[in-house]
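The values are calculated or read from the model by the stated rules, or taken from the named source; none is laboratory data. All of these numbers come straight from a predicted model, not from anything done at the bench. As a convention, Cβ positions derive from the backbone with ideal geometry for all residues, glycine included, and neighbour counts pool all protein chains shown.
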């Protein structure tokens, strides 16, 4: 499911939960891979480069809860840091991402 030059979270984390991934039968499709409201944000596919704003993603094999429950861990994540560094000038704040998700 790679059609852009930027790495999406499922590629970086190698979780195999993107549509067609090897872990979909076992764990289901990741909501970041199907969240179309964030498509194109930070150059990603669907929510693939804004996963920290999406409830229900996996981290260390565990489903993460709401945004408020997971954001501290996400901000320490290597993938979050990568996306931030690659998009410093155009990095969307948490408030901007949540605004898109709640429209």
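Picking from 56, 28, which residue would you name as being under 16 Å from residue 101 (Cα atoms) and at pLDDT below 95?
56
Does the range 31-40 contain at least one residue that is farther than 21 Å from residue 103 by Cβ, surrounded by 12 or more Cβ atoms within 10 Å (Cβ to Cβ) and at pLDDT 95 or above? Spell out the reasoning first.
First, pick out the residues of the range 31-40 that are farther than 21 Å from residue 103 by Cβ: none.
Checking the range 31-40: not a single residue is farther than 21 Å from residue 103 by Cβ, surrounded by 12 or more Cβ atoms within 10 Å (Cβ to Cβ) and at pLDDT 95 or above.
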